[in-house]
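Asks: Structure provided below as structure tokens; questions to follow.
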Amino acid sequence: MSTQIILTTSVEKLGAEGDTVTVADGYARNFLIPKGLAMPATAANLRRIEVLRKRREEQQASELKEAQEVVTKLTKQSFTISAAAGPDEKLYGSVTAADIAAVLKQEGIELDRRKIVLEHPIRATGVYDIDVKLHSEVSTKVKIWVVAGEGPAVAPATVAETAAEKPKKATKKK
């Protein structure tokens with residue numbers, strides 16, 4: 001006893017989204033269909049899946065084209081981030097993917113911070129090549145210059161205020 005179904009999402013060791021597979025009745029009826037992982041393989045559902053597949057292919061093609069356009073913009077220029085730094089060129093705070101995305105947005109490039117790949121936040125001034133994964137097939141490197149100055153890192157005034165609070169606490173203890 002087996003049932004033919006259409007997978008609505010990829011299922012490990014069974015098939016990819018849109019595949020028509022044959023499985024045991026109980027597996028289809030008790031697990032796959034109630035969880036929304038599959039639907040019965042009727043003529044109407046086959047037509048519906050084919051329409052959805054075409055739309056998805058068109059959407060993926062447009063996303064790929066947009067990603068390639070963004071890559072051309074990113075590789076043509078470098079970006080500068082000004083951050084508060086100490087005399088040893090170490091930042092008082094750090095530059096994160098969100099800070100990089102904000103700088104790119106100021107330059108007219110909309111980019112989600114999750115697409116910027118940083119192993120660790122940047123904690124020193126210098127030039128960095130940051131990986132950006134725009135699409136499953138498209139990735140690039142962005143040149144970021146981190147320079148000393150006022151910026152997204154913690155401002156020196158905040159550090160001074162913190163230092164000023166410590167003596168006050170010490171005088172209260174006496």
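Asks: Residues in region 81-95: is at least one closer than 14 Å to VAL142 by Cβ, assigned by TED's automatic domain parsing to the domain that holds LYS143 and not aliphatic (A, V, I, L, M)?
Replies: Checking region 81-95: not a single residue is closer than 14 Å to VAL142 by Cβ, assigned by TED's automatic domain parsing to the domain that holds LYS143 and not aliphatic (A, V, I, L, M).
Asks: Additional query: Could you run through region 64-110 and say how many residues are on the phi > 0 side of the Ramachandran plot and small (Gly, Ala, Ser)? I'd like the intermediate steps shown before the answer.
Replies: Initially, region 64-110 is screened for residues on the phi > 0 side of the Ramachandran plot, giving 89, 108.
Filter again for small (Gly, Ala, Ser), leaving 108.
Going through region 64-110 one residue at a time, the tally reaches 1.
Quick grid of which residues meet (1) in contact (Cβ under 8 Å) with a residue 40 or more places away in the chain; (2) out of contact with any Asp or Glu (no Cβ under 6 Å at 6 or more places or on another chain); (3) loosely packed, with under 14 Cβ neighbours inside 10 Å; (4) under 30 Å from GLY18 (Cα atoms):
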residue: LEU52; (1), (2), (3), (4): no, yes, yes, yes
residue: GLU58; (1), (2), (3), (4): no, yes, yes, yes
residue: VAL71; (1), (2), (3), (4): yes, yes, no, no
residue: LEU91; (1), (2), (3), (4): yes, yes, no, no
residue: ILE100; (1), (2), (3), (4): yes, yes, no, no
residue: GLU119; (1), (2), (3), (4): no, yes, yes, no
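Asks: Okay, next question. If you go through region 75-98 one residue at a time, do you hit one that is modelled with pLDDT under 90, out of contact with any Gly (no Cβ under 8 Å at 6 or more places or on another chain) and part of a helix (DSSP H, G or I)?
Replies: Yes, region 75-98 contains a residue that is modelled with pLDDT under 90, out of contact with any Gly (no Cβ under 8 Å at 6 or more places or on another chain) and part of a helix (DSSP H, G or I).
Asks: Which members of region 1-49 meet the condition of being loosely packed, with under 14 Cβ neighbours inside 10 Å, in a strand (DSSP E or B) and aliphatic (A, V, I, L, M)?
Replies: If the condition is that a residue be loosely packed, with under 14 Cβ neighbours inside 10 Å, in a strand (DSSP E or B) and aliphatic (A, V, I, L, M), then ALA24 is the only one that fits.
The rows are residues; the columns are (1) assigned by TED's automatic domain parsing to the domain that holds ALA101; (2) over 30 Å from LYS105 (Cα atoms); (3) in contact (Cβ under 8 Å) with a residue 24 or more places away in the chain.
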position: THR9; (1), (2), (3): no, yes, yes
position: GLY15; (1), (2), (3): no, yes, no
position: MET39; (1), (2), (3): no, yes, yes
position: LEU46; (1), (2), (3): no, yes, yes
position: LYS76; (1), (2), (3): yes, no, no
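Asks: May I pose another question? For region 121-144, name all the residues that are exposed (fewer than 15 other Cβ atoms within 10 Å of the Cβ) and within 14 Å of PHE79 (Cβ to Cβ).
Replies: Within region 121-144, GLY126, VAL127, ASP129, LYS141, LYS143 qualify.
The values are calculated or read from the model by the stated rules, or taken from the named source; none is laboratory data. The model shown is predicted, which means the values in this text are computed figures rather than measured ones. When we count neighbours, we look across all protein chains shown, and the Cβ atoms used for this are built from the backbone with ideal geometry, even at glycine.
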